[in-house]
Every structure is written in C-alpha cells, then in structure tokens.
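The values are calculated or read from the model by the stated rules, or taken from the named source; none is laboratory data. Keep in mind that what you see is a predicted model, and the values were worked out from it rather than measured. Here the Cβ positions follow ideal geometry from the backbone for every residue, glycine too, while neighbour counts run over all protein chains shown.
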C-alpha cells in the first residue's frame with residue numbers, strides 16, 4: 001500500500017469562513033491526486049483531479065472557485081473550501097494515484113460547517 | 001462516462017455463511033476493478049482488486065470474479081465473521097483515471 005496523511009482529521013468552522021485541508025503522500029511521489037467527497041451514507045464522488053504543477057480538473061457541478069486545489073509538489077496537495085456553508089459539510093478524502101491505477105485513500109477530513 | 005451499479009444495497013447474513021455483492025459497469029475501456037471496505041467514520045480500505053486480463057482472484061476468504069463480456073464483477077466473502085460487517089464499495093476505472101464507485105453495500109454479519 002501507500003502511506004497518505006491528511007490534516008486536519010476533523011474541523012468545525014463557521015459559515016462563511018475558509019478551511020484548508022492538506023494531503024501528504026509520505027512514502028512516494030504522487031503526480032496525480034484525486035479529491036473525493038462523501039456525504040453521510042453515500043458513496044464517494046470525485047470532485048477534482050490535480051496534477052503536480054498544473055491546474056486541477058473539476059468534475060461537473062463542482063465549483064472551482066469554491067474548492068481551490070493546489071498541487072505544488074509531488075508530496076503535497078491541498079484543498080481549500082472557501083466561504084464554506086452548511087451544505088459543504090462532508091467527508092473529504094484525497095487519493096494519490098499509484099502505478100497501474102491503484103488508489104489508496106488518505107484518512108479523510110470530516111468538515112462540519114455551522 | 002463510466003456508470004457503476006452495485007447490488008444489493010443492504011445484505012444481512014449469518015456468521016459462517018457466504019456473502020456476494022455484484023457490480024456492473026458501462027465503459028468497456030475500464031480495466032481496473034477494486035473493492036473497498038469502509039467502516040463507520042473511516043477511510044475506504046482496499047481489500048482486493050482485479051484487472052481486466054484476469055477472470056478471478058482470491059485472497060483467503062475473499063474472491064473477486066470478472067466477466068468482461070457481460071461487464072460485471074462480483075465480490076465473494078466466504079465464512080463470514082461479524083468483523084466483516086461494513087460498507088463495501090466496488091469501483092471501476094481506466095488506469096490513470098479516477099475511480100467510479102458503486103453506491104455501496106451495507107453488509108451485516110450476525111452471530
């Protein structure tokens with residue numbers, strides 16, 4: 001497998017504020033990082049795909065100006081939820097792509113917007 | 001794009017029985033089919049995967065079968081134990097692209 005860390009694991013923020021989530025690959029270099037979102041009792045939905053050094057590609061329905069993704073290095077990708085609202089409350093998980101398409105997930109960040 | 005259907009949504013079995021979860025996919029270009037187990041509040045954990053050049057793969061009590069012609073793949077868990085209780089997700093992808101997930105199956109194994 002692959003070792004992936006995510007920080008913070010849990011965050012509670014007030015509506016209108018921004019939250020940054022960090023995803024680190026600890027034992028390998030990730031050229032591509034996938035960001036998923038999972039609402040309670042639902043499946044994982046891809047939000048965006050980022051490649052190191054270039055702009056992220058967002059899935060339909062995901063606002064790129066609201067969910068800012070930065071993949072500045074091969075070991076760090078960040079997701080910033082700007083002007084968060086209660087409907088953004090979810091479990092956010094990063095997943096670096098490994099050789100052959102295998103994906104292992106970070107531990108996730110549970111965001112609660114009050 | 002890829003569409004992955006997963007059935008059943010819930011499955012209850014008695015300890016020691018077998019459990020089978022089935023998935024279908026739509027994109028014939030998909031060539032990687034992993035299965036994940038997710039416990040409450042935790043990340044999905046890869047439990048087994050199969051690639052399109054293989055028809056079946058087994059790892060102890062877990063096996064996965066793939067029928068490329070019919071575009072379906074299945075997870076088989078034998079001799080189920082209470083600790084197998086979790087939500088299981090199938091997924092499909094074309095290597096190098098993101099995973100497309102099924103909606104999940106909530107498995108309950110009762111003692």
May I ask you to list pairs of residues, at least six apart or on different chains, whose Cβ atoms are under 6 Å apart, with the first in region A:95-114 being more than 10 Å from chain B (Cβ to nearest Cβ) and the second being modelled with pLDDT of 80 or more and assigned to a helix (DSSP H, G or I)? A:113/A:86; A:113/A:88
Reported set for region A:66-77 where residues are more than 15 Å from residue A:4 (Cβ to Cβ) and either away from every other protein chain (no Cβ under 14 Å) or in contact with a helix residue (DSSP H, G or I) (Cβ under 6 Å, 6 or more places away or on another chain) (or both) is A:66, A:67, A:68, A:70, A:72
Strands (runs of 3 or more DSSP E) (entirely within region A:14-106) containing at least 1 residues that are more than 30 Å from residue B:5 (Cβ to Cβ) and touching a strand residue (DSSP E or B) at 6+ places or on another chain (Cβ under 6 Å): A:19-25, A:67-73, A:76-81
Of the conditions (1) within 14 Å of chain B (Cβ to nearest Cβ); (2) surrounded by fewer than 19 Cβ atoms within 10 Å (Cβ to Cβ); (3) under 23 Å from residue A:86 (Cβ atoms), residue A:18 satisfies every one except a single condition; which number is it? (1)
Among the strands (runs of 3 or more DSSP E) confined wholly to region B:25-87, which include 3 or more residues that are in contact with a helix residue (DSSP H, G or I) (Cβ under 9 Å, 6 or more places away or on another chain), within 13 Å of chain A (Cβ to nearest Cβ) and under 18 Å from residue A:104 (Cβ atoms)? B:32-38
From the list B:78, B:105, which one is within 22 Å of residue A:38 (Cβ to Cβ) and in contact (Cβ under 8 Å) with a residue 24 or more places away in the chain? B:105
Going residue by residue through region B:39-46, is there one that turns out to be under 13 Å from the mean Cα position of the chain (by Cα), surrounded by fewer than 18 Cβ atoms within 10 Å (Cβ to Cβ), without any contact (Cβ under 8 Å) to a residue 24 or more places away in the chain and within 21 Å of residue A:46 (Cβ to Cβ)? yes
Please find, among B:20, B:13, the residue that is more than 14 Å from every other protein chain (Cβ to nearest Cβ), farther than 22 Å from residue A:39 by Cα, surrounded by fewer than 17 Cβ atoms within 10 Å (Cβ to Cβ) and in contact (Cβ under 8 Å) with a residue 40 or more places away in the chain. B:20
For residue A:63, the lone unmet condition from (1) away from chain B (no Cβ under 14 Å); (2) surrounded by fewer than 16 Cβ atoms within 10 Å (Cβ to Cβ); (3) over 14 Å from the mean Cα position of the chain (by Cα) is (3)
Tell me, yes or no, whether region A:78-91 has at least one residue that is surrounded by 18 or more Cβ atoms within 10 Å (Cβ to Cβ) and within 11 Å of chain B (Cβ to nearest Cβ). yes
Give me the residue from region B:94-109 that is surrounded by fewer than 20 Cβ atoms within 10 Å (Cβ to Cβ) and not in a loop (DSSP other than H, G, I, E, B) and, out of that set, nearest to the other protein chains (Cβ to nearest Cβ). B:106
